[in-house]
Amino acid sequence: MSHKPISEQTFAENLRNFILSPYIYIVLLAATLGIGYLIGTQGLKTGVLLMGALVGLPILIGSLADLRFGIIVVLIFGYFLMGIKRMVGGDLPLGILLDVMMLVLFIGLLIKQLRHNDWRFMNNATVFLVIIWIIFNLIELFNPVAASREAWFYTVRGMAGLTALFIIALDTFNSLSFIKLVVKIFVGLALLAALYGIWQEFMGFNQAELAWIYEDPKRFELIFQFGRFRIFSFLSDPTAYGILMAYMSMFCLVLATGPYSNTKRAMLAFFGVLMLLPVGYAGTRTAYVLVPAAVFFYVLINPSRRVLTIAGVFLLFGMALVMKSTSNPIIYRIQSAFTPKEDASMQLRLDNQKFIQPFIQTHALGGGLGSTGVWGKRFSPDNMLSNFPPDSGFVRTAVEQGWLGLLLYCLLLFVAMATSVHYYIRLHNPVIKNLYQALLILLFSLVLANYPQEAIILLPNSVIFYLTLAALVRLKDFDEKPVD
């Protein structure tokens with residue numbers, strides 16, 4: 001007996017009918033009572049694990065049914081992961097849930113392609129280099145000088161695993177409306193992060209956040225500086241938060257110049273200015289430099305008289321702020337970002353880079369993924385590299401994957417930027433052109449921030465980075481006229 005294959009639309013309808021069924025409410029009520037009982041008897045951690053399982057299963061099914069839904073879930077989860085870990089406490093491996101989501105989405109993509117067999121979205125130089133980069137990371141498992149294979153397993157998830165998100169997003173970004181939706185979510189989540197960070201600045205941290213700060217002396221030293229606490233919202237640390245707020249503020253301000261209604265433009269401009277406040281409160285020197293750098297890059301890709309005038313006024317205001325004598329710890333830290341020769345931490349980083357250069361030059365494949373930082377100390381503590389602080393995404397790549405890996409990674413970033421600018425110049429649709437401007441600013445900022453910090457591998461930056469890369473590749477396809 002033959003059976004007709006279930007179409008995507010039919011599957012989605014069946015899933016929706018299941019969700020709207022009255023029986024689901026009975027199940028949810030029973031689950032809520034059960035979770036409440038477990039929290040009361042076994043503690044918050046057990047209850048959260050069960051709740052995660054009950055919520056996670058429908059999310060996984062929904063992601064298989066619609067990859068666009070999965071992309072949005074990954075983006076939201078990337079924002080709130082660290083906040084959830086702080087709230088629950090302990091060492092819950094929540095990062096594995098993100099890996100599971102990526103695996104489910106990739107399986108969903110393969111199932112979809114087995115049915116339709118349409119890989120035209122992969123026909124791009126950036127896509128080719130991303131695939132080469134993934135293969136190179138897999139080859140690193142066989143690096144003859146690597147001190148630990150286990151460290152490779154834990155590290156490759158961040159270096160190459162999330163890169164698969166780029167390929168999945170390429171397929172799901174098959175309409176301009178969905179790309180616009182993702183951009184709106186970019187702005188909405190950043191706004192939430194900004195508002196909660198401002199709340200922390202003026203109302204203080206909650207008990208879970210204070211406990212997390214005080215449980216590690218090094219973490220306390222990082223967050224409590226110049227007689228005040230640096231804010232981090234619901235992200236991993238002030239560095240990741242400050243960088244996020246810097247590029248998202250510029251992202252919103254560039255969008256505010258687009259061909260939209262006055263109300264939308266005013267709202268975007270307000271959001272952009274509002275996000276500049278947490279940039280100061282987070283106390284991240286890299287974030288301070290990103291703001292004028294983004295303005296300079298915007299002038300390069302859009303050199304009109306009006307833009308030059310506004311940028312000039314903006315930079316003059318910034319110069320006045322930097323040169324102003326003050327005892328305010330926030331303004332003083334901003335000023336210190338533009339005097340690197342007087343910054344002891346920056347000089348230490350430069351000295352570390354000089355120290356490690358001979359190793360990089362003589363090891364084409366580097367010391368192996370996970371040979372530095374936390375994983376190096378955990379899996380190969382006797383190795384020389386385990387005590388080396390990379391303090392930079394590019395330096396980490398050079399040390400762990402060698403000069404060959406650094407060359408390939410820089411080539412990938414260069415081609416992505418160059419081809420995006422190529423498309424942007426030749427576009428006709430003003431909305432798409434504005435989206436390209438904003439996304440280019442975002443990509444440029446993350447690449448620049450990846451030198452003084454390991455910016456691109458931090459959540460949610462890593463998710464935003466690959467979704468941005470995919471959007472820049474696909475947006476040209478929705479222009480009125482074909483782009484060469």
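The values are calculated or read from the model by the stated rules, or taken from the named source; none is laboratory data. Remember, it's a predicted structure, so these values are computed and weren't measured experimentally. As a convention, Cβ positions derive from the backbone with ideal geometry for all residues, glycine included, and neighbour counts pool all protein chains shown.
Things worth noting here:
- Pick from the range 227-254, criterion more than 21 Å from Leu440 (Cβ to Cβ) and among the β-branched types (Val, Ile, Thr), ranking: surrounded by the fewest Cβ atoms within 10 Å (Cβ to Cβ): Thr239
- The requirement of being assigned by TED's automatic domain parsing to the domain that holds Pro144, more than 30 Å from Pro238 (Cα to Cα) and among the small types (Gly, Ala, Ser) is fulfilled somewhere in the range 407-418, by at least one residue.
- Some residue of the range 452-460 being more than 18 Å from the chain's Cα centre (by Cα), surrounded by 21 or more Cβ atoms within 10 Å (Cβ to Cβ) and in the same structural domain as Phe142 (by TED's automatic domain parsing): no
- Hits in the range 183-206 (condition: part of a helix (DSSP H, G or I) and either touching a strand residue (DSSP E or B) at 6+ places or on another chain (Cβ under 9 Å) or surrounded by 21 or more Cβ atoms within 10 Å (Cβ to Cβ) (or both)): Phe186, Ala190, Ala193, Ala194, Gly197, Gln200, Glu201
- Counting the residues of the range 418-433 that are among the basic types (Lys, Arg) and either closer than 11 Å to Val473 by Cα or surrounded by fewer than 19 Cβ atoms within 10 Å (Cβ to Cβ) (or both) gives 1.
- The set of residues from the range 333-356 being in a helix (DSSP H, G or I), surrounded by 14 or more Cβ atoms within 10 Å (Cβ to Cβ) and of a type outside the set (A, V, I, L, M) comprises Arg333, Gln335, Ser336, Pro340, Arg349, Asn352, Gln353.
- When Ile243, Ile223, Ile231 are checked against the criterion of being in contact with a Lys or Arg (Cβ under 8 Å, 6 or more places away or on another chain), closer than 17 Å to Pro278 by Cβ and not assigned by TED's automatic domain parsing to the domain that holds Gly83, Ile223 stands alone in meeting it.
- Selection count where residues are under 22 Å from the mean Cα position of the chain (by Cα) and over 30 Å from Arg474 (Cα atoms), scope the range 182-199: 4
- Unique residue being farther than 20 Å from Phe234 by Cα and modelled with pLDDT under 80 when the list is Gly62, Gly89: Gly62
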